[in-house]
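See structure below.
The values are calculated or read from the model by the stated rules, or taken from the named source; none is laboratory data. This one's a predicted model, so the numbers in the text were calculated from it and none came from an experiment. Note: ideal-geometry Cβ built from the backbone for every residue, glycine included; neighbour counts use all protein chains shown.
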Amino acid sequence: MITEVDKTDSHAEPFAVKARYVFPVAGPPLPGGVVTIRGSKIVAVGSQSDNAPVEDLGNVAILPGLINAHTHLEFSRLEAPIGEPGIGFVDWVGKLVELIGHWDHVSGDAVEVGLAESARFGTTTLADIARPGRPSSVYTPIGPDAAVFLELIALSHESVNPILGLARAHLKSAQLAQDWRVGLSPHAPYTVQPELLESVVALSAVASVPLAFHLAESPEELQLLRNGTGPFRDLLVKLAAWDDRRIRSGTRPMDYLRQLSMAHRALIIHGNYLDDEEIAFLGKRSGQMAVVYCPRTHAFFRHAPYPLEKLLAVGARVAVGTDGRASAPDLNLMAELRTVAARHEAVARETVLHMGTIDAARALGMAPEIGTLEAGKAANLTVLALPDREADDPHDLLFDSNKPVVATWRRGRKNDGWA
Ligand SMILES: [Zn+2]
């Protein structure tokens, strides 16, 4: 997706942008920093630009383009999350299933709306969960670059092979795609037959594609895994979607983590209720496994406190996602990062910024191209307005503020036409 623009890079005239602060993320914040761009790439980051005209953007921060590590863009037409804050997770799933049941097809329109909204909020790359049937042509407009994780749900033994066929077709279609990359998302323990998960993990390893799996999201899920009882089972039985063979009694999230560790790369979506042993397991595999924290969705369901400090203490990779608008108010990744900073005061703000940039890039396997401002990487920049005050730590200017994103550059192309 980058090659086409690359050809023109050597002919393009360089230009540079200056800000009150540049946050390269690869190093400390640069007061009055300058980023020089040529074509689709960054060619220099420093205190000046040698041979390019410099545009001073004023009282703003230039950040690496923000990366939203988990969303479901198909819900982007919802005006508000489903249900009231504090709704039980299983009740919410029931309402979501009912809502989707009323949709006669998977529409690309909502995805386009979500891409435009994400772009406005300064996201330059996102990981989207896509139900089968969505037209992939939707990812070609100007919106953020996308990693498209095909959602795989198999509620019966008979559905496993057809779903695997869809997964293989998705991998194949990605070979022709220019504007999106490929991922697979076996949905969650309660919607995926064990033989599907096993096959998809093998497929991930062979084809070198990342997986995303919702895990340890709610106490009801843990109860279902442990002994096959509770409100989750009741809902699945009611939906004729329960199979006693799907989950062995005494199962824990750890059983899935072990299996997912055999994949090329795995994103553990939510992980709200991981225990210490599971957290330690992830800490040892940070090169290949990451957790995606969705802070405002976490707050919407009023879950128990998120184990962020524990995850970071053992070196686990943590990225941040907005989740979809079925559980989040909007697709504003900066608002998610500010929520992290507000809820986890012991976590350094620098670390929070990393969660929305380089750690998300690493989680997706895209760190060689994006996630920091460094020469040679894609010219993906997010420009955030700053408040009119000083701060000992310039990171505080990003987080103790509600100033908006005012522009982005994505692969060298400016986008600020949304004001
Ligand atoms: Zn999700």
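For the range 301-313, enumerate the residues that are in a loop (DSSP other than H, G, I, E, B) and buried (at least 16 other Cβ atoms within 10 Å of the Cβ). Passing the criteria: Phe301, His303, Tyr306, Pro307. Going by what's in this entry, would Phe121 be described as within 16 Å of the ligand (Cβ to nearest atom), more than 20 Å from Leu203 (Cα to Cα), of a type in the set (Phe, Trp, Tyr) and crowded, with 19+ Cβ neighbours inside 10 Å? No; evaluated as a whole, the condition is false for this residue.
Only one of the listed residues (Gly365, Gly324) is at pLDDT 95 or above, within 14 Å of the chain's Cα centre (by Cα) and surrounded by 23 or more Cβ atoms within 10 Å (Cβ to Cβ). That residue is Gly324.
Residues in the range 79-105 that are at negative phi and crowded, with 16+ Cβ neighbours inside 10 Å: Pro81, Ile82, Ile87, Phe89, Val90, Trp92, Val93, Gly94, Leu96. The residues in the range 31-77 that are assigned by TED's automatic domain parsing to the domain that holds Thr125, part of a strand (DSSP E or B) and acidic (Asp, Glu) can be counted, and the count is 0.
With respect to the conditions (1) over 25 Å from Leu282 (Cα atoms); (2) touching a helix residue (DSSP H, G or I) at 6+ places or on another chain (Cβ under 6 Å); (3) crowded, with 24+ Cβ neighbours inside 10 Å, Trp180 falls short on a single one, namely (3). Exactly one residue among Glu221, Glu158, Glu195 is touching a residue at least 60 places away in the same chain (Cβ under 8 Å) and assigned by TED's automatic domain parsing to the domain that holds Ala146, and that residue is Glu221. The sole residue among Gly165, Gly183 that is over 30 Å from Leu308 (Cα atoms), at pLDDT 95 or above and not hydroxyl-bearing (Ser, Thr, Tyr) is Gly165. Each residue in the range 124-137 was checked for being buried (at least 24 other Cβ atoms within 10 Å of the Cβ) and away from the ligand (no atom under 16 Å from the Cβ), and 2 of them qualify. Could you check, for the range 207-214, whether at least one of its residues is away from the ligand (no atom under 16 Å from the Cβ), in the same structural domain as Leu308 (by TED's automatic domain parsing) and at negative phi? Checked against the condition, which is being away from the ligand (no atom under 16 Å from the Cβ), in the same structural domain as Leu308 (by TED's automatic domain parsing) and at negative phi, the range 207-214 yields at least one hit. Residues that are within 16 Å of the ligand (Cβ to nearest atom) number at least 3 in the following helices (runs of 4 or more DSSP H) confined to the range 322-400: 358-364.
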